[in-house]
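Novice: Handing you a structure now.
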Amino acid sequence: MLVDLGFLTAPQLAAAKTEARDSGVGVVDLLLANKVIRPTDVTQAKAAHVGAEVVHIAGMQIDPEVIGVVSREIARKYRVIPVYKHDNSLTIALADPSDLATVDSLSHLLRAEINIAVATEQDIESALSKYYAEKKGVVADDRFKDVMKDLDAEHGGVDVVDEAVAAEAAEADAPLIKLVNQIVTEAFKMRASDIHLEPLSKTFRVRYRIDGMLQEIKGPPKKLQASVIARLKIQSNMSIAEHRIPQDGRIQANVGVKNVDLRVSCLPTVHGESIVMRILDKEGLKLGLSELGFMTDDQQTFEKLISLPDGILLVTGPTGSGKTTTLYSCLHYINRPDRKIITVEDPVEYVLAGINQVQVNEAVGLSFSRALRAILRQSPNVVMLGEIRDLETATIAINASLTGHLVFSTLHTNDAPSAVTRLIDMGVKPFLIASSTRALMAQRLVRKICKQCTAPYQPTADELRPLNLTPEQVASGKFAKGKGCSNCNGSGHRGRFGVFEIFVIDDESRKLIYEKVPSSVLRARARQAGMRSLREDGIRKVLSGLTTCEEVVRATVGDEE
């Protein structure tokens with residue numbers, strides 16, 4: 001390999017082999033000792049031999065979060081340095097990439113997909129000294145130093161576990177308040193949708209959900225756990241004295257010039273209370289239909305459907321598939337001065353100008369069905385229901401759609417035709433569903449390729465196999481992948497859009513609904529009428545270079561036909 005790469009000539013190699021055999025040393029060791037080749041040449045040859053990249057660790061600033069994935073004991077035992085982390089994939093640098101036993105052991109120990117990079121022995125040793133030096137005490141992150149110092153002064157350096165002490169610290173400790181605000185601010189800047197604060201046996205874990213994927217960040221020391229949780233419970237008007245039952249609350253926070261709402265959920269766990277905060281940026285919601293991810297033909301179909309004078313349109317999909325955002329986009333599109341629009345939601349996530357929004361309040365008896373009955377007396381043109389949950393709500397909504405109202409709502413089903421089966425299971429009469437339903441739409445979210453680091457990419461046969469593409473599609477496809485940059489935090493993805501299947505109800509479909517046929521028969525009819533499946537819509541977006549094969553397969557698993 002050294003000869004192939006031009007670092008060594010064939011005569012030099014032959015001479016070195018003879019000398020090495022006579023002196024009883026290794027050929028490469030002899031070449032290095034005689035300075036015929038350099039250590040970096042050997043590293044490049046080793047990397048080329050296994051098809052790995054060469055990394056210069058000395059010139060890198062490795063993220064502490066990545067370093068934290070591999071413990072000091074493992075790093076020193078196997079002489080490896082973690083350099084990149086993406087989802088469940090970890091890239092490690094080592095000096096000998098042919099050591100398959102080490103790679104296999106690390107894969108089991110770290111429970112991650114291991115990718116190999118090659119570095120010089122000297123680079124590995126320097127990095128082990130820099131990142132994994134033996135320390136008598138762990139130095140706290142800069143963000144936590146002030147809080148730790150004040151905590152040590154107040155409470156003698158012991159863990160704050162007493163609820164009264166934690167509450168007092170949470171109310172009075174300015175550095176702690178800054179720390180909690182910083183956790184929220186950083187999440188907002190990183191475009192996170194949720195913040196997860198999870199007490200584990202020895203650590204206090206903080207994770208952000210960014211573009212639907214959880215990413216762990218550097219969390220506060222375990223001894224700050226009680227104080228941080230107490231501070232958040234005070235802010236969201238929860239009872240600090242209650243640790244046994246789940247609680248919910250809301251926080252209004254200012255991030256720069258933006259006003260952000262946080263929906264807070266507190267759940268008792270074995271090692272303390274786990275808190276999840278959903279970030280609702282009222283100003284940041286994109287409401288254009290084009291931003292949802294519709295291809296031109298689907299967008300035209302959808303625009304016709306939501307402009308109808310009456311009927312019901314259902315958006316289906318699991319939790320977190322973007323159904324509410326789609327409904328808000330519909331309302332924004334049809335919101336005109338000559339239309340009265342009323343929504344019933346639990347909770348009202350985003351405030352929309354020119355639309356009457358009703359918040360469900362079960363505590364005072366304002367349920368979905370009761371609110372829906374009341375708003376129909378307000379003479380609306382368009383009604384949006386956050387979700388159809390029971391027979392009473394479904395019946396009122398369908399009757400409203402039959403009496404001149406356009407009704408939008410959501411259901412939790414896996415595909416569009418299954419929405420009919422779900423309504424019948426609830427107890428809705430098939431003739432009512434057949435008469436009122438205009439269209440059913442299922443959707444999922446996939447991550448977009450980052451625009452700043454997108455590059456042409458040829459997927460492997462394994463990546464293409466689940467998509468069942470024809471050779472013509474593969475040949476004409478504009479496949480792309482993000483390389484990873486500062487704009488996307490090295491992930492290669494930034495933002496998300498939808499993949500959709502739209503089932504427009506025609507006369508033949510109405511007849512089948514009335515006959516209560518299984519959803520498989522209804523799906524076959526929908527496909528016959530031209531409905532694209534979720535995966536087929538995803539494939540179109542892969543071939544257009546908007547997302548990757550991996551993303552579409554992940555989002556549409558179970559949609560193989």
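Novice: If you check Lys478 against the conditions, is it of a type in the set (Lys, Arg) and over 27 Å from the mean Cα position of the chain (by Cα)?
Specialist: For Lys478, the condition - of a type in the set (Lys, Arg) and over 27 Å from the mean Cα position of the chain (by Cα) - is not met.
Novice: Hey, can you tell me all the residues within segment 205-241 that are within 21 Å of the chain's Cα centre (by Cα) and not in a loop (DSSP other than H, G, I, E, B)?
Specialist: Hits for segment 205-241 are Arg205, Val206, Arg207, Tyr208, Arg209, Ile210, Met213, Leu214, Gln215, Glu216, Ile217.
Novice: Against the conditions (1) open to solvent by less than 70 Å² (accessible area, probe 1.4 Å); (2) in a helix (DSSP H, G or I); (3) not hydroxyl-bearing (Ser, Thr, Tyr), where does His196 fall short? Just the number, please.
Specialist: Only one criterion in (1) open to solvent by less than 70 Å² (accessible area, probe 1.4 Å); (2) in a helix (DSSP H, G or I); (3) not hydroxyl-bearing (Ser, Thr, Tyr) is unmet by His196, namely (2).
Novice: Quick check on segment 453-462. Is at least one of its residues assigned to a loop (DSSP other than H, G, I, E, B), open to solvent by 40 Å² or more (accessible area, probe 1.4 Å), modelled with pLDDT of 90 or more and not aromatic (Phe, Trp, Tyr)? So that I can check it myself, show each step before the final result.
Specialist: Here is the first cut: in segment 453-462, the residues assigned to a loop (DSSP other than H, G, I, E, B) are 453, 457-460.
Right, trim to open to solvent by 40 Å² or more (accessible area, probe 1.4 Å) and you get 457-458, 460.
From what is left, the residues that are modelled with pLDDT of 90 or more are none.
Scanning segment 453-462, I find no residue that is assigned to a loop (DSSP other than H, G, I, E, B), open to solvent by 40 Å² or more (accessible area, probe 1.4 Å), modelled with pLDDT of 90 or more and not aromatic (Phe, Trp, Tyr), so the answer is no.
Novice: List, please: which pairs have Cβ atoms under 6 Å, are six or more places apart or on different chains, and start with a residue in segment 547-558 that is touching a residue at least 12 places away in the same chain (Cβ under 8 Å) and of a type in the set (A, V, I, L, M, F, W, C) and end with one that is open to solvent by 40 Å² or more (accessible area, probe 1.4 Å) and assigned to a helix (DSSP H, G or I)?
Specialist: Cys549/Glu463; Val553/Pro466
Novice: Here is a list of conditions, (1) assigned to a helix (DSSP H, G or I); (2) touching a helix residue (DSSP H, G or I) at 6+ places or on another chain (Cβ under 7 Å); (3) of a type in the set (A, V, I, L, M), and Ala524 meets all of them except one; can you say which number that is?
Specialist: It is condition (2) that Ala524 fails.
Novice: So is Ser126 surrounded by fewer than 19 Cβ atoms within 10 Å (Cβ to Cβ), in contact with a helix residue (DSSP H, G or I) (Cβ under 8 Å, 6 or more places away or on another chain) and at pLDDT 80 or above or not?
Specialist: Yes.
Novice: Which residue is surrounded by the most Cβ atoms within 10 Å (Cβ to Cβ), if the candidates are limited to segment 76-106 and must be in a loop (DSSP other than H, G, I, E, B) and aliphatic (A, V, I, L, M)? Walk me through how you get there before you give the answer.
Specialist: Step one: filter segment 76-106 for residues in a loop (DSSP other than H, G, I, E, B), giving 79-80, 87-88, 95-99.
Then drop every residue that is not aliphatic (A, V, I, L, M), which leaves 80, 95.
Numbers: Val80: 26, Ala95: 19.
Going through the qualifying residues, I end up with Val80.
Novice: Something else about it: Could you list all residues from segment 14-60 that are outside any loop (DSSP other than H, G, I, E, B), more than 23 Å from Asp123 (Cα to Cα) and open to solvent by 50 Å² or more (accessible area, probe 1.4 Å)?
Specialist: Answer for segment 14-60, where residues must be outside any loop (DSSP other than H, G, I, E, B), more than 23 Å from Asp123 (Cα to Cα) and open to solvent by 50 Å² or more (accessible area, probe 1.4 Å): Ala14, Ala15, Lys17, Thr18, Glu19, Arg21, Asp22, Ser23.
Novice: Looking at the structure I just gave you, is Ser409 in contact with a Gly (Cβ under 6 Å, 6 or more places away or on another chain), open to solvent by less than 40 Å² (accessible area, probe 1.4 Å) and hydroxyl-bearing (Ser, Thr, Tyr)?
Specialist: Taking the combined requirement at face value, the residue does not satisfy it.
Novice: Still on this structure, I have one more. Taking the condition of being in a loop (DSSP other than H, G, I, E, B), open to solvent by 40 Å² or more (accessible area, probe 1.4 Å) and either under 21 Å from Gly482 (Cα atoms) or touching an Asp or Glu at 6+ places or on another chain (Cβ under 8 Å) (or both), how many residues in segment 545-561 meet it?
Specialist: First, the residues of segment 545-561 that are in a loop (DSSP other than H, G, I, E, B): 545-548, 556-561.
Filter once more, keeping what is open to solvent by 40 Å² or more (accessible area, probe 1.4 Å): 546, 557-558, 560-561.
Still in the list and also either under 21 Å from Gly482 (Cα atoms) or touching an Asp or Glu at 6+ places or on another chain (Cβ under 8 Å) (or both): 546.
Total satisfying the criteria: 1.
Novice: Looking at Asn361 and the list (1) within 25 Å of Leu445 (Cβ to Cβ); (2) surrounded by fewer than 14 Cβ atoms within 10 Å (Cβ to Cβ), which single condition is not satisfied?
Specialist: (1)
Novice: Is it the case, given these coordinates, that Ile306 is surrounded by 13 or more Cβ atoms within 10 Å (Cβ to Cβ), within 25 Å of Asn254 (Cα to Cα) and among the hydrophobic types (A, V, I, L, M, F, W, C)?
Specialist: Considered against the rule, which asks whether it is surrounded by 13 or more Cβ atoms within 10 Å (Cβ to Cβ), within 25 Å of Asn254 (Cα to Cα) and among the hydrophobic types (A, V, I, L, M, F, W, C), Ile306 comes out as no.
Novice: Say we look at segment 43-68 and pick out the residues that are touching an Asp or Glu at 6+ places or on another chain (Cβ under 9 Å) and hydrophobic (A, V, I, L, M, F, W, C); which of these is farthest from His86 (Cα to Cα)?
Specialist: Looking at residues that are touching an Asp or Glu at 6+ places or on another chain (Cβ under 9 Å) and hydrophobic (A, V, I, L, M, F, W, C), I get Ala45.
Novice: Return yes or no: is Arg535 outside any loop (DSSP other than H, G, I, E, B), closer than 22 Å to Pro318 by Cα and open to solvent by less than 60 Å² (accessible area, probe 1.4 Å)? Give the derivation first.
Specialist: Numbers: outside any loop (DSSP other than H, G, I, E, B): yes; closer than 22 Å to Pro318 by Cα: yes; open to solvent by less than 60 Å² (accessible area, probe 1.4 Å): yes.
For Arg535, the condition - outside any loop (DSSP other than H, G, I, E, B), closer than 22 Å to Pro318 by Cα and open to solvent by less than 60 Å² (accessible area, probe 1.4 Å) - is met.
Novice: Which residue, of Lys429, Lys511, Lys448, Lys483, is surrounded by 13 or more Cβ atoms within 10 Å (Cβ to Cβ), more than 29 Å from Leu546 (Cα to Cα) and not β-branched (Val, Ile, Thr)?
Specialist: Numbers: Lys511 fails: surrounded by 13 or more Cβ atoms within 10 Å (Cβ to Cβ); Lys448 fails: more than 29 Å from Leu546 (Cα to Cα); Lys483 fails: more than 29 Å from Leu546 (Cα to Cα).
Result: Lys429 is the single residue among Lys429, Lys511, Lys448, Lys483 that is surrounded by 13 or more Cβ atoms within 10 Å (Cβ to Cβ), more than 29 Å from Leu546 (Cα to Cα) and not β-branched (Val, Ile, Thr).
Novice: So, one more: Condition test on Val542, is it open to solvent by less than 10 Å² (accessible area, probe 1.4 Å), part of a helix (DSSP H, G or I) and within 25 Å of Met190 (Cα to Cα)?
Specialist: Criteria not met by Val542.
Novice: Please give the number of the condition Gly354 fails out of (1) farther than 14 Å from Ser401 by Cα; (2) crowded, with 16+ Cβ neighbours inside 10 Å.
Specialist: (2)
The values are calculated or read from the model by the stated rules, or taken from the named source; none is laboratory data. Since this is a predicted model, take the numbers as computed values, not measurements. Heads up, the Cβs are rebuilt from the backbone with ideal geometry, glycines too, and the neighbour counts pull from every protein chain shown. With ligands, DNA and RNA removed, areas are computed over all heavy atoms of the protein, side chains included. Shrake-Rupley method; radii C 1.70, N 1.55, O 1.52, S 1.80 Å.
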